[in-house]
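Where a number appears in this text, it was derived from the coordinates with a stated rule and is not lab data. Predicted model only: the values in this text are computed from it and were never measured. Cβ placement follows ideal geometry from the backbone for every residue including glycine, while neighbour counts extend to all protein chains displayed.
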Amino acid sequence: MSDGGRQASKRLLSTQNPKSIVGMWLFTVFWCGISFPLFWAFAIRSRDFVGGFVGGLFSLFGLAMLYATVKMTLEYSKYGQVHLALEGVPAAGQSFGATLQLPADAAEAPVPAVPRTVVEAPAPVRAAPPRRVVTPKYNDVMTAVMYRDAAAITQLLDLGWWVDRRDTNGVSPLMAAAWNGDAALVQLLLQRGADPNRRARGGSVLDYAGRSGDAMIIDILKQAGAR
């Protein structure tokens, strides 16, 4: 390293060195030794407002110096002397290198490990499959019976339609199926819970079956408990 580099390195010595700390302590003790008695003499003993005010300012400055000196002493006791060594004489407008020199105990001090935090990505949210909307072919069971559509009757009953829902004349779907002479629909409605003993203005379910003249339907109804 050149002489200029050595001089620059010396100029960049940390102020936290024994000589500067001793000087700070001497100045702090000297200042506090003058300001504190001065404040006591003017403010407390003589009760002089102006003198006490000035002495108080000097005392506050002394306390600040005492705090700074204690802090500097503690930092030096922890880190020791630190200085920056320049690699050559820096020129205006040019970059330069430097080496930060630390005490051996500070350089070898173990660096605390930083705990590794693992952030897990949230699980993908699966969208619910779209619900299938079932639109029945007919609006009621009676209409499906009139069209002799067994599949439509089954669909309506699976969707919750009432098997014995009557029309405006009080006729139930079972009465209409028996009147039409459709034995298959009569059996289907009975299997799905239709009441064989309902009555309307035109009579019972057996009366409507008699109008069709189909003996098989009458026999099916009687086996189901129709009276």
Seminar exercise, completed: In terms of the alpha carbon gyration tensor, root eigenvalues a ≥ b ≥ c, rounded if a/c is under 1.5 and otherwise prolate when a/b exceeds b/c or oblate, region 131-182 is prolate
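Tell me the relative contact order for region 129-227 as a rounded percent, counting alpha carbon contacts under 8 Å between residues six or more apart.
Once normalised by length, the contact order is 23 percent.
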For this session: Could you run the Karplus curve 6.51 cos²θ - 1.76 cosθ + 1.60 with θ = phi - 60° over region 54-70 and give me ³J(HN,Hα) per residue in whole Hz, x for Gly and Pro?
Result: 5, x, x, 4, 5, 5, 4, 5, x, 5, 5, 5, 5, 5, 5, 5, 5
Exercise. Extension gain residue 34-residue 66, at 0.36 nm per residue separation less the Cα-Cα distance, in nm?
Worked result: 10.2 nm
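Just the Kirkwood number for region 141-223, please: inverse of mean 1/r across all distinct Cα pairs, in Å, one decimal.
That comes to 12.3 Å for region 141-223.
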Exercise. How do 207, 158, 182 rank when sorted from fewest to most other Cβ atoms within 10 Å of their own Cβ?
Worked result: 158, 207, 182
Seminar exercise, completed: Treating only Lys and Arg (+1) and Asp and Glu (-1) as charged, each at its beta carbon, one finds that region 158-197 has a dipole about its Cα centre, in Debye to the nearest 20, of 40
Exercise. Long-range amide H contacts for residue 171: which residues qualify at under 5 Å (H placed 1.01 Å from N, peptide plane, sequence gap of 5 or more or a different chain)?
Worked result: none
For this session: Please give the contour-minus-distance gain from residue 148 to residue 48: 0.36 nm per residue of separation, less the Cα-Cα distance, rounded to one decimal in nm.
Result: 24.0 nm
Problem set entry | Sequence of 166, 131, 47, 192 once ranked by neighbouring C-beta atoms within 10 Å, starting from the fewest | 131, 47, 166, 192
Seminar exercise, completed: Exposure-ranked with fewest Cβ neighbours within 10 Å first, 212, 46, 20, 59 stand as 46, 20, 212, 59
Seminar exercise, completed: For region 141-223, the dipole about the Cα centre with charges only on Cβ (Lys and Arg +1, Asp and Glu -1), to the nearest 20 debye, works out at 240
Exercise. For residue 127 and residue 167 in the same chain, what is the full-extension length gain: residue separation times 0.36 nm, less their Cα-Cα distance, in nm?
Worked result: 10.1 nm
